[in-house]
1. Would you list, by chain and number, the aspartates and glutamates whose Cα falls below 15 Å from the Cα of LYS478, excluding same-chain residues fewer than 8 positions away?
2. In terms of Cα to Cα distance under 14 Å, which aspartates and glutamates are near enough to LYS26, apart from those fewer than 8 places away along the same chain?
3. Structure shown: which of LYS153/LYS264; LYS193/LYS238; LYS365/LYS453; LYS154/LYS264 lie over 19 Å apart, alpha-carbon to alpha-carbon?
4. With the crude spin-label approximation of a point 7 Å out along Cα→Cβ, what separation in nm comes out for GLU341 versus GLN314?
5. Using a 1.4 Å probe, what is the accessible area per residue for segment 224-323, in Å²?
6. Quote to one decimal, in nm, the extra length available between ALA585 and ALA129 on full extension: 0.36 nm per residue of separation minus the C-alpha distance between them.
7. Taking chymotrypsin sites (Phe, Trp or Tyr not before Pro) as exposed when DSSP calls them loop (any state but H, G, I, E, B) and at most 13 other Cβ atoms lie within 10 Å, what is the longest stretch of the chain free of them, the sites themselves excluded?
8. What size of dipole, in debye to the nearest 20, comes out for the chain about its Cα centre when the only charges are +1 on Lys and Arg C-beta atoms and -1 on Asp and Glu C-beta atoms?
Amino acid sequence: SLESVIGVLRAGGESLDGLFRNVLPKGDHVLLFIDQFEELFTLGEKTQGKDAVEAYAGLLRYPSSLITLLVTMRADFYEAALAQFEQVLRRGGFSLGKPSPFALREMIERPAERAKLRLDDDLAEVVVAQVNDQPGALPLVAYLLAQMYEQTKKRTDRRMTWADYDAVGGVRGAISTCADAAYAALVLPEDRKAAVLKRVFRELVDLTEEQGMLVPTRRRADRDALVSEPDSALLVDKLITARLLTTDQGVIEVAHEALFTSWKTLAEWIVTAQDDLRMIRQFERDARDWDRRGRSLELQPSNDQLRVLLIAVQHLHEEITNPLVIDFTDWDSGRMLREIEDISTSHRRRLFIGERLDLRGDPRKGVGNDEVTVDGRTIVLPDIEWCYVEAQRDTQGRLPRLKVGRNHEIQPFWIAKHPITNKQFQAFVDDQEGYTNADWWTGTPTNLVSHRKYNSQGRFATSPCDSLTWYQAEAFTKWLSARRRGMSLSSSVDTCLAPMTIGDEVQIRLPQEWEWQWAAQGGLEQREYPWIGTWDSQLTNTLEAELGKSTVVGMYPNGAAACGALDMAGNLWEWCLNSQNSGRARSVRGGAFGSLRDYARCAFRFRAHRDPNAFYYNVGFRVVCAFAPT
């Protein structure tokens, strides 16, 4: 049985000759014909698995004296086949060129003669003349004759006529007519029909290069995946009924590659989509190569390379669902977020993950924006994730005091989990009542009102916003406080703050230095660094990390402060509301990517001059929701 043969091949194939000697009557010989052998390389592994591919390949590696094996393969896959079967192919290979007009006519007339079919005069010559200059001449002829034969079967004269030819629309029209009829029978609105056509065929089309041109070729797709959406299931059913698609063992493919060029509706879409399709298919091939080479991180695509894939995916309105491509491109945001939770993840990998999350579409709360309705109009505002910071009153109900320069009373407040990101600051710039509104610049030197915002060194949307003056950070907080006016924050920890509503007394603003330190050190815990315990270089991006630049916010979740705030040590210094020693210079806290670890200590006060008029590539800011300063 065939199963026995496959079993021997899966086992290695060496005993194939012995198997046939046992099962074949004496003197019998087997002629085994395998058409389109190139699909062993292009489709086999995906649809049937590596073991099955190796089993079929065993037919060439271990030939039997009782078998004559005849294999056909497209010339552009010959080089790939040589890599595995060089000896047998060079010994028994025979190149077939494009059939001559005479040979093509023989292919039409001789089978008809054997089937006792008569052709009208000159019918074969006209068919040959119309397809002879086409690269897909053979499948075109095959489909045309099959359609004409269906017309012939309706009669009893065993004659294939010009009327049959005209009825199916001739060579070019045979496939197109059938496809158009099936497409027209799809009872859907036109926009949904167009969308489902693209959705189905982007899975069924591959592209190969022939003589400098991209040529569409068929590609198999898993049936269950292809028909999982109702509209797709309807179209696939229509095309299978029309025999334009075939299905076998859970796999769907185009019945005739001539469909790609003969059906105008499909051909026009392929032309517009071919560059994007080629890019996606290239990533699929690269993913298979990456898998074979052991899944090295060094072989994964860079963020610049991934941008190209993202553009192609967006153009095609496609989702990446291939598990191997998801792994290869780090497409799974959830897996990347779990990876940064692992304390052993390297600094370089965290840098890469942050940038990849940004490109992919960072799903985390508190790093982007959301849409809100203000005065009946929808606007975009920063989506701040707030962390509650307790005041931890003493037994007599008094609020604690923290010595930063002098003693300062600490009141309960909320602090942003992340520093403000580029994307969040851009919402301020884009708002009609935002950056250019003079209301937010009160107290600012005249020459700095709505002054230029320089590009951040962190170039990703969820990088912490840097290269801005203190006045720009303060204007942002005034705008956000006004836009979020009336928003309430509540806590089950300290009922005196439930609810804390943004208004005249409670504001979104920059933190006072002592508020920043109180949140970073865990209040009365007085941690040296935001995390529990001593210095650990794996928990923050300081000079010791050797990155030389900031990461996307929140890449060190294990370095969180007690309240949950991230990046309070390293990455970027952060502007504070107050000045130092009653001078003009404003305080900054937390250290940065270029600072030594001592600068990241919670109690460290940076006494170097920080001019509020100047911008610094290593200074950003975060906000608090707290009582107005007195």
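1. Within reach: ASP431, GLU433, ASP439, ASP504, GLU505.
2. Answer for LYS26, where 14 Å is the Cα cut-off: ASP17, listed by chain and number.
3. On the way: LYS153/LYS264 28 Å; LYS193/LYS238 12 Å; LYS365/LYS453 25 Å; LYS154/LYS264 28 Å.
Too far apart for the 19 Å limit: LYS153/LYS264; LYS365/LYS453; LYS154/LYS264.
4. Rounded to a tenth, the inter-label distance reads 3.0 nm.
5. Values: 5290 Å² over 100 residues.
Value returned for segment 224-323: 53 Å² of accessible area per residue.
6. Numbers: separation 456, 0.36 × 456 = 164.16 nm, distance 8.63 nm.
Full-extension gain reported as 155.5 nm.
7. Between exposed loop sites, the widest span is 95-453.
8. Around 1180 debye, computed over the chain.
The values are calculated or read from the model by the stated rules, or taken from the named source; none is laboratory data. For clarity, every value in this text was computed on a predicted model and none was experimentally measured. A quick note on method: Cβ atoms are made from the backbone with ideal geometry, for glycine too, and the neighbour counts reach across all protein chains shown. SASA here: full protein model, heavy atoms, side chains in, ligands and nucleic acids out. Shrake-Rupley method; radii C 1.70, N 1.55, O 1.52, S 1.80 Å.
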